[in-house]
Amino acid sequence: MSRYLAVIPAAGSGSRMGGPLPKQYLALGDRPLLQYAIARLCAHPAIDRVCVVLASDDQRFETYDWKPFAAKLEPLYVGGDSRAATVLNALERISSHVNADDWILVHDAARPCLSTQMLDRLIEEVGDDRSGGLLAVPVADTLKRAGSDRRSMRTESRTGLWQAQTPQMFRYDLLLRAMRSCDLGQATDESAAVEALGFQPMLVQSDATNLKVTHARDLALAELILNQAAGKK
């Protein structure tokens, strides 16, 4: 029977946040941003293992208390020069205890608001689809094509366009083959690498609350979403 394993790339410097602390360790409430992704994935009953992939010289991770997640959590100090390289390094590191048809869910360290319902929907709708799938939302805003001077050249049709999120979920053998064959410096997500092999991953509808913290102002929005979700329980 196939297992579900999660991989969280967390080796980046978070340079776009403009501070000295890597983004995954920024405080959100009273916890580091990374802990939210780890907690949600470790709590899901279908997920057997959660691998957080860190830079080889990361000295911050061990300063936090990860004991509540010890049954599933596995830190891997094999981060690469890009997100794609980090994911590939992780896949190769776990090769000895993963089967070819196991499912790998790659999730951003900076998406703290993933819900159990989103995970359930992803796993259920992808099912046994050979191409895998990912959470995504249909593009709602009008899209403009800009020139080099930042002036609008034309309006682009948003018909059929979706904004990719994570987790992105693929069979281990397919994802490993895709990551080995892609340009590690250019691939922006795992789905792009899988698409390059001729597969068509399923788009599983999510919503805007599954946001990625990219800029400092996103932390306040993420905290608001988390507080609202906690209030509904």
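Couple of notes before you dig in:
- Restricting the search to strands (runs of 3 or more DSSP E) fully inside the range 18-126 and requiring at least 1 residues that are open to solvent by less than 30 Å² (accessible area, probe 1.4 Å) and touching a residue at least 40 places away in the same chain (Cβ under 8 Å) gives 47-53, 103-106.
- Residue match in the range 161-179 (condition: open to solvent by 60 Å² or more (accessible area, probe 1.4 Å), outside any strand (DSSP E or B), within 21 Å of Arg83 (Cα to Cα) and among the aliphatic types (A, V, I, L, M)): no
- Summed over the range 180-211, the residues that are open to solvent by 50 Å² or more (accessible area, probe 1.4 Å) and within 14 Å of Gln168 (Cα to Cα) give a count of 6.
- Any hit, the range 144-164, residues being closer than 22 Å to Ser206 by Cβ and touching a helix residue (DSSP H, G or I) at 6+ places or on another chain (Cβ under 9 Å): yes
- Only one of the numbered conditions (1) more than 27 Å from the chain's Cα centre (by Cα); (2) in a strand (DSSP E or B) is violated by Arg150, and that is (2).
- Of the criteria (1) open to solvent by less than 60 Å² (accessible area, probe 1.4 Å); (2) closer than 19 Å to Thr86 by Cβ, which one Val137 fails: (2)
The values are calculated or read from the model by the stated rules, or taken from the named source; none is laboratory data. Everything quoted here is computed from the prediction, not taken from an experiment. All Cβ positions, even for glycine, are placed from backbone atoms using ideal geometry, and neighbour counts span all protein chains on display. Remember, those area values only see protein heavy atoms, side chains included, never the ligands or the DNA or RNA. Shrake-Rupley method; radii C 1.70, N 1.55, O 1.52, S 1.80 Å.
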